[in-house]
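The values are calculated or read from the model by the stated rules, or taken from the named source; none is laboratory data. Keep in mind the model is a prediction, meaning the values are calculated, not measured. Every residue, glycine as well, gets a Cβ built from its backbone with ideal geometry; the counts of neighbours run over all protein chains shown.
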Amino acid sequence: MNGSFTIPKFRLPGFIAEIGQKLPQWPHALALVAGLNAALKMKLLPESELALLEDKLFRVRILDTGGEASYTYRNGLFRPIFSPQREPDLAFAANLSAYLQLLTRQEDPDTLFFNRELEITGDTELGLIVKNMLDAVEWPSFAEKLPLFRH
Amino acid sequence: MTSLPDLVCPAGSLPALKAAVDNGADAVYLGFKNDTNARNFAGLNFDQKTMADGIRYAHAKGREVLLAINTFPQAGRVADWQKAVDAAVDQGVDAIILADIGLLDYARNKHPQQRLHLSVQGSATSYEAINFCQREFDIRRAVLPRVLTLAQVENVIKNTTVEIEVFGFGSLCVMNEGRCWLSSYACGESPNTVGACSPAKYVKWDKKPGAMETRLNGVLIDRFGDDEPAGYPTLCKGRFEVQGETYYALEEPTSLNVLSILPDILKIGVRAIKVEGRQRSPTYVTQVTRTLRAALDALRDGSDRFHVKPAWQAELAKVSEGSQATLGAYNRPWR
């Protein structure tokens, strides 16, 4: 981090989550899955570990926006699940700031988890696979040029 | 100018390796994607290609790559560990860090030119043990278990020509290094057998109203209140009921942090300072490496003027397990 851009820890006001929960959730799932599939296409995710995600159900919940997205990985693609029929194999829940800090590699996932700012429930080994997979991604240099990714 | 100890940093992935190199590590240490190393976690570590990329990256910037083969060959599978040694030599790592005496013997005989280090898992705490490994296997360096006081480390250094590496930062465990089977008590697997302590497949986090319970293969290890920092469920760091009281019966989760005694470490002639945490993220590696680099560089200007900056401590405290730090055995008053 060179101090040029730092994401602070924040929590959006409670009414945002109340509104957010009433909004349709499918756009979140579509956006997330599109991003993951773009990463797949760019071969950023290691194939050996991807096989371990087959048919697993994932849920990402953003607590302070009320947003939620469920998806699975099947036959080489991430696919959105709009109305999950079962509990996810792995679920993440955190405020928006924690996700942003994670994505920009500003904060360590273990630190966020152990400080209770990131909640991970479900299959612990699957969680570890996903964490290590994301840690091993070498984000392309264009991402570093965006203000969000500069750190 | 005083010669500084090497800063040896962990790499569980290629981005972590690059983070270590970019933030001032003199050497990185890593492992293969299998149980020949003690951080054998899913998705972690290096295959042939990422290791070649990593070695190229580090060498281009004049840094060393050390490879840990620090578990013990299991019965009937000794050849797997020997193959790992051969593969490490083929990859062109600067040194192999070994714990098992049989494997040290194999490596020395098969690859006479290869630089070998004795792993902390080798559990050599005396200069006699270290000098034995030098005589028999020509080890260049030994990593000391985290059980010695600073005076004891100094005594070892005075009585050997083998380079001495000590731990500078990272999570502490019960430190029965190379001999801990505690994890096996709950789940039948431990670092020295399968390369992982309390493997994730046995770990369950159970969220209940007002509390989170964490279990290892069904054994309740701890229960955290909603605002209480959590920890990874290893038996040594659990809270158990003993004679009516519930507390950390074995040890409290904590991190080693030697910043305040860096001048002493420099003075007694330590050759390298190691950071724990190959299982941690590139972010952790960045934060810890740049902090220790800044501290070591400050020492270069003269240890008399060295003082620990609050910003360094704050940065390290953030990533400490249990959010607290200790000097561990280094400043223990008893022996």
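State whether one or more residues within the range B:205-213 are in contact with a strand residue (DSSP E or B) (Cβ under 6 Å, 6 or more places away or on another chain), surrounded by 17 or more Cβ atoms within 10 Å (Cβ to Cβ) and not acidic (D, E). Checked against the condition, which is being in contact with a strand residue (DSSP E or B) (Cβ under 6 Å, 6 or more places away or on another chain), surrounded by 17 or more Cβ atoms within 10 Å (Cβ to Cβ) and not acidic (D, E), the range B:205-213 yields at least one hit.
Can you tell me which residues in the range A:105-131 are at the interface with chain B (Cβ under 9 Å from one of its Cβ atoms) and part of a loop (DSSP other than H, G, I, E, B)?
Here is the first cut: in the range A:105-131, the ones at the interface with chain B (Cβ under 9 Å from one of its Cβ atoms) are A:105-111, A:113-116, A:119-131.
If the condition is that a residue be at the interface with chain B (Cβ under 9 Å from one of its Cβ atoms) and part of a loop (DSSP other than H, G, I, E, B), then A:R105, A:Q106, A:E107, A:D108, A:N115, A:R116, A:D123 are the ones that fit.
When B:I221 is tested against the conditions (1) more than 12 Å from every other protein chain (Cβ to nearest Cβ); (2) out of contact with any Pro (no Cβ under 7 Å at 6 or more places or on another chain); (3) free of Cβ contacts under 8 Å to residues at least 60 places away in the same chain, the lone failure is (2).
From B:V219, B:V275, which residue is touching a helix residue (DSSP H, G or I) at 6+ places or on another chain (Cβ under 9 Å) and closer than 24 Å to B:V166 by Cα? Only one candidate passes the filter, namely B:V275. Among the residues of the range A:40-67, the one identified as more than 22 Å from A:E125 (Cα to Cα) and touching a residue at least 60 places away in the same chain (Cβ under 8 Å) is A:M42. Selection of the range B:13-39 for residues being out of contact with any Asp or Glu (no Cβ under 7 Å at 6 or more places or on another chain), within 11 Å of chain A (Cβ to nearest Cβ) and part of a loop (DSSP other than H, G, I, E, B) yields B:N23, B:R39. Inspection of the range B:123-136 identifies no residue that is at pLDDT 95 or above and in a strand (DSSP E or B).
Contact annotation: residue pairs with Cβ atoms under 8 Å, 6 or more positions apart or on different chains, pairing a residue in the range B:264-282 that is in the same structural domain as B:I164 (by TED's automatic domain parsing) with a partner that is in a loop (DSSP other than H, G, I, E, B) and among the acidic types (D, E), are B:A272/B:D26; B:R280/A:D108; B:S281/A:D108. None of B:K274, B:K237, B:K309 is in contact with a strand residue (DSSP E or B) (Cβ under 6 Å, 6 or more places away or on another chain) and of a type in the set (K, R) except B:K274. Quick one: would you say B:Q113 is loosely packed, with under 15 Cβ neighbours inside 10 Å and in the same structural domain as B:A88 (by TED's automatic domain parsing)? Answer is yes for this residue. Among the residues of the range B:309-334, those that are more than 14 Å from chain A (Cβ to nearest Cβ) and over 23 Å from the mean Cα position of the chain (by Cα) comprise B:K309, B:P310, B:P333, B:W334. Summed over the range B:180-204, the residues that are free of Cβ contacts under 8 Å to residues at least 24 places away in the same chain, within 14 Å of chain A (Cβ to nearest Cβ) and under 21 Å from B:E241 (Cα atoms) give a count of 1.
Yes or no: A:G67 modelled with pLDDT of 90 or more and touching a helix residue (DSSP H, G or I) at 6+ places or on another chain (Cβ under 9 Å)? Outline the logic, then answer.
Details: modelled with pLDDT of 90 or more: no; touching a helix residue (DSSP H, G or I) at 6+ places or on another chain (Cβ under 9 Å): yes.
Here the answer is no, as A:G67 does not meet what is asked.
Taking the conditions (1) part of a helix (DSSP H, G or I); (2) surrounded by 18 or more Cβ atoms within 10 Å (Cβ to Cβ) in turn, B:G102 satisfies each one other than (2). Against the conditions (1) within 25 Å of B:A79 (Cα to Cα); (2) within 17 Å of the chain's Cα centre (by Cα); (3) among the aromatic types (F, W, Y), B:F137 satisfies every one except (2). Which residues, taken from the range A:68-101, are in contact (Cβ under 8 Å) with a residue 24 or more places away in the chain and among the small types (G, A, S)? Answer for the range A:68-101, where residues must be in contact (Cβ under 8 Å) with a residue 24 or more places away in the chain and among the small types (G, A, S): A:A69, A:S70, A:G76, A:A91, A:A93, A:A94, A:S97, A:A98. A:E138 fails exactly one of the following numbered conditions: (1) modelled with pLDDT of 90 or more; (2) within 10 Å of chain B (Cβ to nearest Cβ); (3) closer than 28 Å to B:A11 by Cβ. What is the number of that condition? Result: A:E138 fails condition (1) only.
Residue-wise test of (1) hydrophobic (A, V, I, L, M, F, W, C); (2) out of contact with any strand residue (DSSP E or B) (no Cβ under 7 Å at 6 or more places or on another chain); (3) crowded, with 21+ Cβ neighbours inside 10 Å; (4) within 27 Å of B:R146 (Cα to Cα).
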residue	(1), (2), (3), (4)
B:K49	no, yes, no, no
B:Q74	no, yes, no, yes
B:V78	yes, yes, no, no
B:D86	no, yes, no, no
B:G92	no, yes, no, no
B:N109	no, yes, no, no
B:L118	yes, no, yes, yes
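Looking for whichever is touching an Asp or Glu at 6+ places or on another chain (Cβ under 7 Å) and surrounded by fewer than 19 Cβ atoms within 10 Å (Cβ to Cβ) here; the options are B:R280, B:R305, B:R223, B:R293. Which one fits?
Details: B:R280 fails: surrounded by fewer than 19 Cβ atoms within 10 Å (Cβ to Cβ); B:R305 fails: touching an Asp or Glu at 6+ places or on another chain (Cβ under 7 Å); B:R293 fails: touching an Asp or Glu at 6+ places or on another chain (Cβ under 7 Å).
Step by step, each of B:R280, B:R305, B:R223, B:R293 is checked, and only B:R223 is touching an Asp or Glu at 6+ places or on another chain (Cβ under 7 Å) and surrounded by fewer than 19 Cβ atoms within 10 Å (Cβ to Cβ).
Out of curiosity, is B:D47 modelled with pLDDT under 95 and more than 14 Å from chain A (Cβ to nearest Cβ)? Spelling it out, it is not the case that B:D47 is modelled with pLDDT under 95 and more than 14 Å from chain A (Cβ to nearest Cβ). Hey, could you check the range B:161-175 for residues that are crowded, with 20+ Cβ neighbours inside 10 Å and more than 18 Å from B:I261 (Cβ to Cβ) and say which is farthest from the chain's Cα centre (by Cα)? Going through the qualifying residues, I end up with B:V162.
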